[in-house]
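S.K.: One structure is given below, represented as structure tokens, and several questions about it will come after.
The values are calculated or read from the model by the stated rules, or taken from the named source; none is laboratory data. None of these values were measured; they are calculated from a predicted model. Glycine gets a Cβ as well: all are built from the backbone with ideal geometry, and neighbour counts include every protein chain shown. We work out accessible area using only protein heavy atoms, side chains counted, and drop any ligands, DNA or RNA first. Shrake-Rupley method; radii C 1.70, N 1.55, O 1.52, S 1.80 Å.
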Amino acid sequence: MPSDVSVRPTTGDDQAHVLRTVREAFSGGFGDGREEVEIVEAVWSLARPVAAGDLVAVSGDEIVGHGLASPGRLDGSTVPGLAPLAVRPDRQGEGIGTALMTDLLRRLDRQGCPLVVVLGDPRFHGRFGFQPSGPLGIHYPPIGADSPQFQVLQLGDHRETSTGNYVFSWEAPVK
Ligand SMILES: CC(C)(COP(=O)(O)OP(=O)(O)OC[C@H]1O[C@@H](n2cnc3c(N)ncnc32)[C@H](O)[C@@H]1OP(=O)(O)O)[C@@H](O)C(=O)NCCC(=O)NCCS
């Protein structure tokens, strides 16, 4: 990670800057970032980020990246889902996304989370040990039963044996 960047929990004052960062990161050939912004707003409005699973990367007084984990459901268990992970376009490729992901996973591991899921490019997430979820019997139907984009990571010595269809927090809020 660049020496001018640090990672810390998101505060209420960061929120407008985070939404802009998310929109910019996901704007381009494949979308306008609206869907990802709505996910972040939905998780915040439910007041349901996983504790310490809402992090910003900061350079000076600027937000340059953001990562969010929220509690989804799998087979009756609460399992964190990481989404979205965003780095401001002009700061991508400097290690900031790696730093955010590493910090998020470390915090989730410390909390004793046995399993984390993510929806994204396996070439990026595979670097952290994420694997396609299908062989573990975990599926995310909206993108097809066995899409390699939906991935899981087992943390530490913890073991999670739940299988089935995953539901992100914003799709069916935990009561
Ligand atoms: C994906 C993203 C979060 C990565 O953050 P980043 O700070 O650019 O990534 P890093 O600098 O830590 O890159 C780490 C490595 O992953 C690679 N990488 C980055 N984004 C990648 C992607 N989308 N697919 C495959 N590899 C990727 C980098 O090339 C780098 O590889 P290297 O070390 O061999 O050079 C960022 O590029 C981004 O916000 N992209 C747009 C939004 C998005 O796609 N988010 C992820 C889905 S939730």
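Quick grid of which residues meet (1) among the small types (Gly, Ala, Ser); (2) out of contact with any Leu (no Cβ under 7 Å at 6 or more places or on another chain); (3) touching a residue at least 12 places away in the same chain (Cβ under 8 Å):
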{"residue": "THR98", "(1), (2), (3)": "no, yes, yes"}
{"residue": "GLY112", "(1), (2), (3)": "yes, yes, yes"}
{"residue": "PRO132", "(1), (2), (3)": "no, yes, yes"}
{"residue": "GLY137", "(1), (2), (3)": "yes, yes, yes"}
{"residue": "TYR140", "(1), (2), (3)": "no, no, yes"}
{"residue": "ALA145", "(1), (2), (3)": "yes, yes, no"}
{"residue": "GLN154", "(1), (2), (3)": "no, no, yes"}
{"residue": "THR161", "(1), (2), (3)": "no, yes, no"}
{"residue": "TYR166", "(1), (2), (3)": "no, no, yes"}
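S.K.: Something else now. For ASP75, state whether it is within 24 Å of CYS113 (Cα to Cα) and surrounded by fewer than 17 Cβ atoms within 10 Å (Cβ to Cβ). Give the derivation first.
M.R.: On the way: within 24 Å of CYS113 (Cα to Cα): yes; surrounded by fewer than 17 Cβ atoms within 10 Å (Cβ to Cβ): yes.
So ASP75 passes the test.
S.K.: Does region 53-69 contain any residue that is away from the ligand (no atom under 11 Å from the Cβ), under 18 Å from ASP14 (Cα atoms), open to solvent by less than 20 Å² (accessible area, probe 1.4 Å) and in a loop (DSSP other than H, G, I, E, B)?
M.R.: The answer is yes; a qualifying residue exists.
S.K.: Which fully enclosed strands (runs of 3 or more DSSP E) of region 94-175 have 1 or more residues being surrounded by fewer than 19 Cβ atoms within 10 Å (Cβ to Cβ)?
M.R.: Per the criteria, 150-154, 164-167.
S.K.: Taking the criterion of being of a type in the set (Ser, Thr, Tyr) and within 23 Å of VAL167 (Cβ to Cβ), would at least one residue in region 87-102 satisfy it? So that I can check it myself, show each step before the final result.
M.R.: As a first pass, look at region 87-102 and keep what is of a type in the set (Ser, Thr, Tyr): 98, 102.
Adding the requirement that they be within 23 Å of VAL167 (Cβ to Cβ) leaves none.
So far as region 87-102 goes, no, none of its residues is of a type in the set (Ser, Thr, Tyr) and within 23 Å of VAL167 (Cβ to Cβ).
S.K.: Still on this structure, I have one more. Would you check which residues across region 70-115 are of a type in the set (Val, Ile, Thr) and within 13 Å of the ligand (Cβ to nearest atom) and list them?
M.R.: VAL87, ILE96, THR98, THR102
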